[in-house]
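Single-structure report; data block below.
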Amino acid sequence: MRYALFQGCVAQTEQYGCELSAREVLPKLGVELVDLEGSSCCGFLSFHNSSPIGWKYLTARNLALAKKLGLDILTLCNCCHLSFCEVKRDLEADQGLRKTIDETLSIEGLEYGGGAEVYHILEVLHDRVGTDEIAAHVTRPLRNLDLASHPGCYAFRPKVLNRPNDGEDPRKLGDLIKALGADSSDYDEKLDCCGSSISYADGEPSLRIAGSKLKAIKDRGFDGLVTVCPLCFKMFDGEQPAMRSLMGEGVVDVPIFYYTQLLGLSMGISPEKLGLHLSLSPVEGFLTNV
Amino acid sequence: MHREQTDEFMEEYFGGRWIEADFISLMLQRAMGDLTEESCKQCGKCAVGCAIPIVFEGLPPYKVSTKVQSGEAKELLKSDVIWACTSCLACEERCPADMSPYEVVSVLKNLSARIGYHYPRGYRDLERNVSKFGLIQKPKAVLARSGEHFDREALGLPCLQGPTDIGKFKEALGRLSGMRVVL
């Protein structure tokens, strides 16, 4: 398997644990990653709010770059993945839009040409590599741990866009966690949003949304929260001090992990190579036990 | 109203004049089909999955659509309510009438941002950065728990350059994002 890696802005500019751990574990599972030279923001966090056609152009542009390389895209971010799927659908349905986008792409010497196919990291790990193959790579199983899976909204919504998971019952991340030897119990708040997309507009509501979810996870006795999306991780991992000052001390105190970090640990890779020294949530106790 | 007339209308709208309710309806129709009194029965299912009414004094999603229908869009366009939507899509998935409050809010956000009524600074900064160099921000040196800072190079991550010809990238993006078309 060979893909053009599309980290997305958040992983590429600050969530280095996401990219480090993906680059560390995926090649060991037979997934080769090629850098997508010349790529840019997909537009979902930027132009989506003000200029839908600007957003669609940015996404189409990245699809055109991958097409030029002759590779399909692997995305690490839920938002980027939704953006790719939505824009591909729109470009197929609206020839006028496609013509406008193609005319503009020609300024940069690019052509949409049907775009590349796009895969979410959960699809690659669960559907293409497979949980059996992952389990076969585990040398240090994660025993006696119950880890809450947080797929993140766009890993299962909207149903109309063929998401990586079932819309009502997203199970892939939980199945992948179980392949490492840990438990991943279901919980009522599993589908709840992290709130991070509105952190750019107003911090307090987003902190309350994320804090409520982390409080529930702590109250239910989970050993940590696992996600794949850099935007969700950024909120849950980095903002716990702010959540505490808003919601009370001791309310929120949960170790947060990228799935690829846990996968790497269970394969015997050092925490530092997986970017775990960059985590801001309380992961030390977990790492000592593992 | 077809495309040519729409463009004339956009001239007025970009000139700072008030947008007609009809125009908003047109934007909405492009996004999600006809929005009539029959579109939403106000059953409230959309509000069940919405985090906003719980943590913030926002409106339940269905009331956003009813306010647009009753000609109160201008008030919404100037308020924080539309920017409090996390875009989680729970409302859209739960609506038994296949009506999407999320799409309504998205159109209102677009209008509010383009008119210049209300476009939260955080989003504006992301957009400005993408226009300048292709990403929402420059790659940062991040703080680790040890108190040390690490940038991509220190972590052994490849240095990615962004758009190869930034001048052409800006030209292309500027041409489209400034385009006066409906959606």
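The values are calculated or read from the model by the stated rules, or taken from the named source; none is laboratory data. On a predicted model such as this, the values are computed, not experimentally measured, just so you know. A quick note on method: Cβ atoms are made from the backbone with ideal geometry, for glycine too, and the neighbour counts reach across all protein chains shown. Calculation scope for accessible area: heavy atoms of the full protein, side chains included, ligands and nucleic acids excluded. Shrake-Rupley method; radii C 1.70, N 1.55, O 1.52, S 1.80 Å.
Worth pointing out:
- Partner chain coverage, peptide B:145-157 - average Cβ within 10 angstrom: 4
- Cross-link partners of A:Lys88 among lysines (Cα-Cα below 28 Å; sequence separation of 8 or more within a chain): A:Lys56, A:Lys67, A:Lys68, A:Lys99, A:Lys159, A:Lys172, A:Lys234, B:Lys109, B:Lys132, B:Lys138, B:Lys168, B:Lys170
- Taking the protein heavy atoms of segment A:131-289 in the context of the full set of protein chains, the accessible area attributed to carbon and sulfur is 44 percent at 1.4 Å.
- Chain pair B, A: total accessible area buried, heavy atoms, 1.4 Å probe, Å²: 5400 Å²
- Accessible surface of A:Asp183, taken over heavy atoms with a 1.4 Å probe and every protein chain present, rounds to 90 Å².
- Heavy-atom accessible area, 1.4 Å probe, ligands and nucleic acids excluded: residues of segment A:103-134 down by at least 10 Å² from chain alone: A:Glu103, A:Thr104, A:Ile107, A:Glu108
- Nonpolar atom fraction for segment A:2-120, defined as the carbon and sulfur part of the 1.4 Å probe accessible area, stands at 46 percent.
- Taking chain A as a Gaussian network of alpha-carbon nodes connected by springs under 10 Å, the highest mean-square fluctuation of the residues A:Met247, A:Met235, A:Met267 belongs to A:Met247.
- Annotation note: GluC sites (Glu not before Pro) in segment A:225-290 located in DSSP loop regions with a Cβ neighbour count of at most 10 within 10 Å are A:Glu249.
- Inter-label distance, B:Lys138 to A:Gln95: 4.6 nm, where each label sits 7 Å from its Cα along the C-beta direction.
- Averaged over its residues, the protein assembly as shown has an accessible area of 40 Å² per residue, based on protein heavy atoms and a 1.4 Å probe.
- Only helices enter this figure: runs of n ≥ 4 DSSP H residues, each worth -39500 (n - 2.57), summed and divided by the residues of chain A, yield -12500 deg cm²/dmol at 222 nm to the nearest 500.
- Residue order by solvent-accessible surface for B:His149, A:His277 is B:His149, A:His277, largest first, with ligands and nucleic acids left out and a 1.4 Å probe.
- Relative to the Cα centre, the charge distribution of the protein assembly as shown, modelled as +1 at Lys and Arg Cβ and -1 at Asp and Glu Cβ, gives a dipole magnitude of about 500 debye.
- Taking all protein chains together and rolling a 1.4 Å probe, A:Ile217 ends up with roughly 0 Å² accessible.
- Cβ-based charge dipole, chain A, positive-most Cα from A:Ala60, A:Gly221, A:Ser196: A:Ala60
- Shape category assigned to segment A:131-289 from the gyration tensor of Cα positions, a/c cut at 1.5: oblate
- Trypsin sites (Lys or Arg not before Pro) within segment B:67-114, DSSP loop, no more than 14 other Cβ atoms inside 10 Å: B:Lys78
- Only beta bridges with both residues in the protein assembly as shown are counted; by DSSP, about 10 percent of them are antiparallel.
- Straight-line cross-link reach from B:Lys41 at under 18 Å between alpha-carbon atoms covers these aspartates and glutamates, not counting any fewer than eight positions away in the same chain: B:Glu92, B:Glu93, B:Asp98, B:Glu103.
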